Amino acid sequence: MLAKVLSAAIVGLDAELVDVEVDIVKGQPYFALVGLPDAAVRESRDRVYAAIKNSGYTFPLHRITVNLAPADLRKEGPAYDLPIAVGVLAATSQIWPNLLEGALFFGELSLEGTTRHTKGVLPLAAMARERGLKRLFVPADDAAEAALMPDIEVYAVRSLAELVGHLTDMERLTPVTVDLAAAFDGEVDYATDFADIMGQEHVKRAMEVSAAGGHNALLTGPPGAGKTLIAKALPGILPRMGIDEALEVTKIYSVAGMLPAETPLVRARPFRSPHHTISYAGLVGGGQWPRPGEISLAHRGVLFLDELPEFGERLIEVLRQPLEGMPREVSISRATGSVTYPANFMLVAAQNPCPCGYYGDPTRACTCSSAMVTRYQKRVSGPLMDRIDLHVEVPRVEYEKLASTRRGESSAEVRVRVEAARARQAARFTGTDLYANADMGPGEVRRFCTLDETGARLMKSAMTQMSLSARGFHRVLKVGRTIADLAGSEAIGPAHLAEALQYRARGQ
């Protein structure tokens with residue numbers, strides 16, 4: 001007898017519908033699994049056999065052929081256990097095949113027949129809704145994640161026996177519901193607050209400008225000056241994510257298998273801080289079965305690269321495209337096809353001024369030769385430095401400021417100003433795909449970053465004295481536009497432009 005069950009394959013950040021066809025005929029016991037399965041899918045034969053037997057049902061000792069269609073789409077992972085088991089039971093009339101119409105099944109089974117957490121459930125639910133499917137059966141650990149998608153009934157399956165009981169009306173399951181607005185409500189706690197950073201007022205101001213316009217920043221200073229602490233505080237002053245943004249980020253973490261079962265929705269801005277020994281695939285994404293890398297896990301958040309010159313040249317240069325292109329994304333190509341992951345992140349990098357870290361320090365002598373300093377500073381290419389909007393010096397913090405009991409502004413207070421500036425940008429960019437001032441191209445810069453006569457003279461002088469490139473010219477104007485937005489000004493004034501040029505002094 002033939003039975004057909006609907007499931008799905010995760011391709012990039014999307015899901016593709018997969019027909020699990022189970023055909024059982026009399027003959028020598030044999031279990032054939034076809035349709036480009038990987039090793040984890042092929043091993044489902046043994047898991048399904050044990051799960052069906054240990055759940056109290058009959059496993060047919062006949063010739064079984066399972067086809068995962070379309071056959072030219074590679075299948076990977078253990079998520080086909082549940083649909084294959086359901087198909088076997090339907091093909092042997094232990095459940096009626098008509099009960100499976102309009103339903104999609106997805107999940108891993110243990111040998112005793114219970115379900116286990118499976119990654120990629122959120123894009124699966126999105127695809128099911130788009131295809132007009134009404135019911136979705138997933139492991140109980142993943143049901144809350146799937147229920148984030150409206151207009152589809154999501155059932156939490158704890159075991160194969162429980163699922164069969166529901167399908168045969170012996171014990172009906174109740175659909176899982178999630179109040180998305182309630183799940184999204186409330187404040188998000190971040191590990192580091194701006195009030196905990198003592199001193200460094202000009203650096204905190206630069207981070208506020210960076211957050212307000214989505215600008216990339218480079219922090220340069222001696223060891224222990226607080227570069228990492230300041231970077232960790234940045235997500236706390238970024239605008240709170242909207243529901244659409246949160247679902248975007250949640251989908252990435254779901255596919256990457258990094259979404260905790262008790263946290264179905266990512267509400268905090270991502271902060272990713274990979275070590276400089278990370279591989280290319282770890283940073284960009286890839287592998288035999290492509291997975292999102294750190295730059296995609298930082299989508300809508302912050303990618304922090306500490307000790308920037310220590311990263312390999314290939315790793316640093318690959319950042320140029322997602323930092324400049326629109327839409328900001330990264331494509332991974334393999335012989336079997338290519339996938340594209342979003343990569344709209346803010347880059348915050350930190351570096352020492354020299355290998356020992358004390359070049360130019362007023363209290364400690366630098367032990368590096370001039371050649372060593374030059375060689376160290378040239379590890380980061382000019383084109384990448386040109387793509388960083390804010391270049392900020394982070395000096396050593398004085399004792400008086402460290403010992404002070406006076407707390408500065410909290411992240412929540414700074415975020416109010418940042419969100420007001422982003423609101424002005426959202427109104428300005430209505431009807432476009434632009435997200436923040438940093439995303440403006442040359443056409444938008446000419447339209448939205450006009451200067452008065454005084455500002456034009458200041459910019460002309462800066463172009464000559466600082467030898468600004470065309471890209472540097474546009475980036476100064478974009479930063480000036482952000483500073484004006486923070487001040488609530490419609491025009492970029494000379495004071496706004498002067499502050500923007502100050503942040504460009506090192507990058508030029």
What do you reckon, is residue 464 among the hydroxyl-bearing types (Ser, Thr, Tyr), in a helix (DSSP H, G or I) and at pLDDT below 90?
-> yes
Checking 154, 178 in turn, the sole residue that is in contact with a strand residue (DSSP E or B) (Cβ under 9 Å, 6 or more places away or on another chain) and either surrounded by fewer than 18 Cβ atoms within 10 Å (Cβ to Cβ) or assigned to a loop (DSSP other than H, G, I, E, B) (or both) turns out to be 178
Across the stretch 330-349, the tally of residues that are in a loop (DSSP other than H, G, I, E, B), open to solvent by less than 40 Å² (accessible area, probe 1.4 Å) and of a type in the set (Val, Ile, Thr) stands at 0
Of (1) part of a loop (DSSP other than H, G, I, E, B); (2) out of contact with any Pro (no Cβ under 9 Å at 6 or more places or on another chain), residue 207 satisfies every one except (1)
Residues of the stretch 315-329 being of a type outside the set (Asp, Glu) and either out of contact with any Leu (no Cβ under 7 Å at 6 or more places or on another chain) or open to solvent by 30 Å² or more (accessible area, probe 1.4 Å) (or both), in sequence order, are 318, 320, 321, 322, 325, 326, 327, 328
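Per-residue answers, yes or no, for (1) hydroxyl-bearing (Ser, Thr, Tyr); (2) at pLDDT below 90:
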residue: 406; (1), (2): no, yes
residue: 410; (1), (2): yes, no
residue: 416; (1), (2): no, no
residue: 433; (1), (2): no, yes
residue: 436; (1), (2): no, no
residue: 439; (1), (2): no, no
residue: 444; (1), (2): no, no
residue: 448; (1), (2): no, no
Within the stretch 448-490, residues among the charged types (D, E, K, R) and surrounded by 15 or more Cβ atoms within 10 Å (Cβ to Cβ) come out as 475, 478, 481, 485
Residue set 95, 64; condition in a loop (DSSP other than H, G, I, E, B), open to solvent by less than 20 Å² (accessible area, probe 1.4 Å) and farther than 22 Å from residue 257 by Cα; output residue 95
Could you go through the stretch 406-415 and let me know if any residue there is outside any helix (DSSP H, G or I), within 30 Å of the chain's Cα centre (by Cα) and either closer than 23 Å to residue 245 by Cβ or not charged (D, E, K, R) (or both). yes
* Would the stretch 121-142 turn up any residue that is in contact with a helix residue (DSSP H, G or I) (Cβ under 6 Å, 6 or more places away or on another chain) and farther than 18 Å from residue 17 by Cβ? -> yes
When every residue in the stretch 292-310 that is within 24 Å of residue 357 (Cα to Cα) and open to solvent by less than 10 Å² (accessible area, probe 1.4 Å) is compared, the one nearest to the chain's Cα centre (by Cα) is 303
The lone condition residue 89 fails out of (1) within 27 Å of residue 256 (Cβ to Cβ); (2) assigned to a helix (DSSP H, G or I); (3) in contact with a helix residue (DSSP H, G or I) (Cβ under 8 Å, 6 or more places away or on another chain) is (1)
Of (1) touching an Asp or Glu at 6+ places or on another chain (Cβ under 9 Å); (2) assigned to a helix (DSSP H, G or I), residue 111 fails just (2)
Sole miss for residue 445 among (1) touching a residue at least 40 places away in the same chain (Cβ under 8 Å); (2) out of contact with any strand residue (DSSP E or B) (no Cβ under 6 Å at 6 or more places or on another chain); (3) open to solvent by less than 40 Å² (accessible area, probe 1.4 Å) is condition (1)
Pairs returned, first residue in the stretch 228-256 that is within 18 Å of residue 209 (Cβ to Cβ), second residue that is in a helix (DSSP H, G or I) and small (Gly, Ala, Ser), beta-carbon separation under 7 angstrom, 6 or more apart or interchain, are 233/411; 234/211; 236/411; 237/211; 237/411; 238/211
The residue that is surrounded by the fewest Cβ atoms within 10 Å (Cβ to Cβ), considering only those in the stretch 99-108 that are outside any strand (DSSP E or B) and small (Gly, Ala, Ser), is 102
Of those in the stretch 32-51 that are open to solvent by 30 Å² or more (accessible area, probe 1.4 Å) and not in a helix (DSSP H, G or I), the residue modelled with the lowest pLDDT is 36
Residue set 236, 287; condition over 22 Å from residue 322 (Cα atoms) and open to solvent by less than 40 Å² (accessible area, probe 1.4 Å); output residue 236
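Each row is one residue, and each column tells you yes or no for (1) over 39 Å from the mean Cα position of the chain (by Cα); (2) surrounded by 18 or more Cβ atoms within 10 Å (Cβ to Cβ).
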| residue | (1), (2) |
| --- | --- |
| 7 | no, yes |
| 22 | no, yes |
| 30 | yes, no |
| 53 | yes, no |
| 57 | yes, yes |
Given (1) farther than 30 Å from residue 429 by Cα; (2) small (Gly, Ala, Ser); (3) in a loop (DSSP other than H, G, I, E, B), residue 165 misses just (3)
Exactly one of 246, 225, 256, 217 is under 14 Å from the mean Cα position of the chain (by Cα), surrounded by 20 or more Cβ atoms within 10 Å (Cβ to Cβ) and small (Gly, Ala, Ser), and that residue is 246
Residue 493 being surrounded by 12 or more Cβ atoms within 10 Å (Cβ to Cβ), within 21 Å of residue 205 (Cβ to Cβ) and without any contact (Cβ under 8 Å) to a residue 40 or more places away in the chain
no
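The values are calculated or read from the model by the stated rules, or taken from the named source; none is laboratory data. The structure presented is a predicted model; accordingly, all values stated were derived computationally and were not measured. Positions of Cβ are backbone-derived with ideal geometry, glycine not excepted, and every protein chain shown enters the neighbour counts. Please note that ligands, DNA and RNA were not included when accessible areas were found on the heavy atoms of the full protein model with its side chains. Shrake-Rupley method; radii C 1.70, N 1.55, O 1.52, S 1.80 Å.
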